[in-house]
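Peer 1: Shown below is the structure under consideration.
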Amino acid sequence: MLGVWLLLWGSLTLGVRADTAFLRRAHDSSGQCTYSFTVASPVEAACPDAAGGVPELRAELAALASRLSRLESRERGMGGSGPRGAEPGGPRDPQQVASAARLEAAYGELLRAKSRLEEEKGRLEREKEELGRRLESTREGGRSGHGGEGAALAPAHAVPDPAAAPRWEPQPLNYQELQSERTEVPVSRLLEETALGRPGSEDSAGCGELVWVGEPVVFGRADSIAGKYGVWMKDPEPVPPFTRDNTWRVDAVGTEVRQLFQYEEAEQLARGYPAKVHILPRPLESTGAVIYRGGLFFQPRHSRSVARYDLRGETVTAEREIPGAGYHGQYPYSWGGYTDIDLAVDETGLWVIYSTEKARGAIVLSKLDPETLEIRQTWETNIRKRGVANSFVICGTLYTVSSYTAPNATINFAYDTATGTSRAVSIPFENRFRYLSMLDYNPAERQLFAWDSFNMVTYPVRLSRA
């Protein structure tokens, strides 16, 4: 439009026809835009003064070149790299100035928005790189952990089937982090293991003080609500036809607990198919039962007695009352469960752990004859029974657990029947499933058997040298 207007204006000014005038725009040697306006002469076939031309024409062309220069400058200012306004030194149109100010403000806002978008793009690229690194680390950790930690938790005699193992698939990062599990072992504990040797080695053979409890190993899991807590056992001194491979289990939730499940071996327990089910003539109470020398020793429900059920004859062969013993919730462990009377076995024989009104809730420990259930000797401790989660006996020493729910609990007290004294100890103990309802020592396997919220687990132990 600017070129057409200039062409018409030039034609009218010179008094010639519009089709005889030509406007040419090109760059000069310095790179500036130069407008050339050419008009054919109506009379002369050649210019008499080619060097300078007609004086009036030169004046008009000079004025036109100045005007075109100002218009070009304004055109660049309104549509070029940024608003500039009117030419320097010339009059300013208020509307143009306002328009230029608005354009300049909008242009500045666009630059700021562009800067913010570039910053956001850089941040997202960094997050993408970080997520990629975390995903790769999670995949590598899952591959190494699938064959490392998982293998450590399996029983020593269990052989995994590679064909049956599912292919590991990476989960979303937030879910994968919740699935992952890590165990931290203090340096002092590692040094202790190195100094004292592994469980079952020669330096831990025989009797001594408990100095270490290992991590729990899961052997089976109850499949119904009746197995939230219970008791599972092996006989450390079996009589034929039973062997040390036979495993026994009682699900202790219910008012009429009479079923004793018999398994040929621990693998059968893990599969959940008993070889035989014994129906006890009297229901037992709580989780304090043990298997010893071919018999099940248990507390009959709603009584302060201890009974022996013969596994071969399937009859009760002995029963005796524990004088003054609390029962059915009078002096239980801290988790409850009517655990007033708790039986235990160690290298020296059969024990019963309870409390009386005379002892004011403190633990009383008595040694029993396994055939007649007569009390041979009794010790009264200063350990409050309701203040501990459970207890067991090793080499004539009673040990207690601080908590049945804390994941990082401790073996916190020890009472030595040889000296009649108790002492505080601090041996780490893990409640992996947060509900420990049974804990007994098996002297033949040198392990603790436990029931932890539906799970039947064992703990390796180490004793100091006698």
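Peer 1: Could you grab me the full set of residues in region 346-361 that are surrounded by 17 or more Cβ atoms within 10 Å (Cβ to Cβ) and touching a helix residue (DSSP H, G or I) at 6+ places or on another chain (Cβ under 7 Å)?
Peer 2: 355
Peer 1: Mind listing whichever residues of region 312-345 are buried (at least 23 other Cβ atoms within 10 Å of the Cβ) and either of a type outside the set (A, V, I, L, M) or farther than 22 Å from residue 398 by Cβ (or both)?
Peer 2: Once the filter is applied, which keeps residues that are buried (at least 23 other Cβ atoms within 10 Å of the Cβ) and either of a type outside the set (A, V, I, L, M) or farther than 22 Å from residue 398 by Cβ (or both), region 312-345 yields 331, 333, 339, 340, 342.
Peer 1: While we're here: Against the condition of a type in the set (Phe, Trp, Tyr) and either crowded, with 17+ Cβ neighbours inside 10 Å or more than 42 Å from the chain's Cα centre (by Cα) (or both), how does residue 273 come out, does it pass?
Peer 2: The answer is no for residue 273.
Peer 1: Working carefully through the options 230, 206, 220, 197, find the one that is within 26 Å of residue 297 (Cβ to Cβ), in contact with a helix residue (DSSP H, G or I) (Cβ under 7 Å, 6 or more places away or on another chain) and either open to solvent by less than 50 Å² (accessible area, probe 1.4 Å) or at pLDDT 85 or above (or both).
Peer 2: Answer to the check: 220.
Peer 1: When both residues are 6+ apart or on different chains and their Cβ atoms are under 9 Å apart, which pairs have a first residue that lies in region 108-132 and is touching a residue at least 24 places away in the same chain (Cβ under 8 Å), and a second that is assigned to a helix (DSSP H, G or I) and open to solvent by less than 90 Å² (accessible area, probe 1.4 Å)?
Peer 2: Once the first residue is touching a residue at least 24 places away in the same chain (Cβ under 8 Å) and sits in region 108-132, its partners that are assigned to a helix (DSSP H, G or I) and open to solvent by less than 90 Å² (accessible area, probe 1.4 Å) give 131/173.
Peer 1: Sort through 361, 337, 326 and tell me the only one that's at positive phi and without any contact (Cβ under 8 Å) to a residue 40 or more places away in the chain.
Peer 2: Sole residue among the options that is at positive phi and without any contact (Cβ under 8 Å) to a residue 40 or more places away in the chain: 361.
Peer 1: Of all residues in region 421-457, how many are surrounded by fewer than 21 Cβ atoms within 10 Å (Cβ to Cβ) and more than 19 Å from residue 208 (Cβ to Cβ)?
Peer 2: Residues meeting the conditions: 8.
Peer 1: Yes or no: region 410-424 includes at least one residue that is in contact (Cβ under 8 Å) with a residue 60 or more places away in the chain and among the aromatic types (Phe, Trp, Tyr).
Peer 2: No: region 410-424 contains no residue that is in contact (Cβ under 8 Å) with a residue 60 or more places away in the chain and among the aromatic types (Phe, Trp, Tyr).
Peer 1: With (1) in contact with a Cys (Cβ under 7 Å, 6 or more places away or on another chain); (2) farther than 18 Å from residue 235 by Cα as the list, and residue 347 as the residue in question, which single condition is left unmet?
Peer 2: Result: residue 347 passes all but (2).
The values are calculated or read from the model by the stated rules, or taken from the named source; none is laboratory data. From a predicted model like this one, the values you see are computed outputs, not experimental measurements. Positions of Cβ are generated from backbone atoms using ideal geometry, with glycine treated the same way; all protein chains shown enter the neighbour counts. SASA here: full protein model, heavy atoms, side chains in, ligands and nucleic acids out. Shrake-Rupley method; radii C 1.70, N 1.55, O 1.52, S 1.80 Å.
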